[in-house]
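In what follows, a single structure is set out as structure tokens and then discussed.
The values are calculated or read from the model by the stated rules, or taken from the named source; none is laboratory data. If you're wondering where the values come from, they're calculated on a predicted model, not measured in any experiment. Note that we place each Cβ from the backbone using ideal geometry, even for glycine, and neighbour counts take in every protein chain shown. Remember, those area values only see protein heavy atoms, side chains included, never the ligands or the DNA or RNA. Shrake-Rupley method; radii C 1.70, N 1.55, O 1.52, S 1.80 Å.
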Amino acid sequence: MTDVETGGVRRGRLSARKLSMIGMLAAVSTVLAFIDFSLPFFPPFLKFDLSDLPVLLSAFMFGPVSGVFVTLVKNVIGLFSTSTAGVGELSNFLISAALSLGAGLVYRGHKSKRQALIGTVAGVLAMVVVSGFSNYFLVIPAYSKVMPIDAIVAMCHEINPSINGILGYVILAAMPFTLLKGAVCGGITFLVYKKLHGAVQKFVR
């Protein structure tokens, strides 16, 4: 077998192993998405989960596009049990994709612990911004077809009296909730990434 042929086989094997690892991360993200719960001081329909943890890990290990793929798989599977006619899944995809792209693009330029921290912060900030726009222009208008906006605002107002309208919900509930979720997932990723990275690299070689 020639060197070129050997190299091709090795590259093919490497790609297959990377794909299997990305697929595993997508599966873990999907499972974590179903383990959700409400938090005090936030409207009950905002559910906290750790499904963005595998998204961020994939973005750091294999690049930002792989993280987008992980969240795409998670949300496509979520469509089979959706209670939002797919609107929640679309919003979640956009928010998680922003996390992956923001963090992965920054980290890809210079892979160091400091850059991983900067990338995590950039990704979390990106998802918070996207959360604001997607909730204001997509999620709440879609929910209003099922539940009147006044009822949605009243539910939020009961939790936080400062919320008196959709903009108030976005600024005082949706964006802070996303920030908290991103910070938790980002913090865990930052702590465990280097340890996992070594084991993953041995597997994909």
Please work out the Cα center distance from segment 22-75 to segment 101-139, rounded to the nearest Å. 14
Going by accessible area, probe 1.4 Å, with all protein chains left in place, what is the ranking of Asp150, Asp49, Asp36, largest first? Asp150, Asp36, Asp49
What residue among Lys195, Lys113, Lys47 has the largest mean-square fluctuation in a Gaussian network model of the chain, using Cα springs under 10 Å? Lys195
Out of Phe62, Phe80, Phe93, any idea which swings most in a Gaussian network model of the chain, alpha carbons joined below 10 Å? Phe80
For segment 106-180, alpha-carbon Rg relative to the globular expectation (2.2 N^0.38 Å, N residues): 1.41
Would you work out the charge dipole size for segment 58-155 about its Cα centre, treating the Cβ of every Lys and Arg as +1 and the Cβ of every Asp and Glu as -1, and quote it to the nearest 20 debye? 480
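For the chain, give the magnitude of the charge dipole about the Cα centre (Cβ charges: +1 Lys/Arg, -1 Asp/Glu; no others), in debye to the nearest 20.
Magnitude of the dipole: close to 1140 debye.
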Mind checking the angle between helix 3-34 and the chain's longest principal axis? C-alpha axes, 0 to 90 degrees, to the nearest 10. 20
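Given Lys18/Lys181; Lys18/Lys47; Lys111/Lys195; Lys18/Lys195, which pairs have Cα atoms separated by over 23 Å?
Checking Cα-Cα distances, Lys18/Lys181; Lys18/Lys47 exceed 23 Å.
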Listed peptides 22-35, 115-128 by packing density, highest first (mean Cβ within 10 Å): 115-128, 22-35
Nearest 10 degrees is fine. How inclined is helix 175-204 to the longest principal axis of the chain, computing both from alpha carbons? 10
Quick one, what does Rg over Rh come out to for the chain if you take C-alpha atoms and the Kirkwood Rh? 1.06
Considering only Val153, Val130, Val55, give the residue with the highest GNM mean-square fluctuation for the chain, with springs between Cα atoms whenever their separation is below 10 Å. Val153
Rounding to the nearest 10 and keeping the result within 0 to 90°, find how far the Cα-based axis of helix 113-134 lies from the longest principal axis of the chain. 40
Residues with amide H under 5 Å from that of Asn164, placed H, sequence gap 5 or more: Tyr169
Exposure of Leu50 as accessible area (Å², to 10), given a probe of 1.4 Å and all protein chains: 60
Over all directions, average the projected area of the Cα convex hull of segment 38-127 and note it in nm². 6.0
Packing rank of 71-78, 187-194, where each peptide gets the mean count of other beta carbons within 10 Å, highest leading: 71-78, 187-194
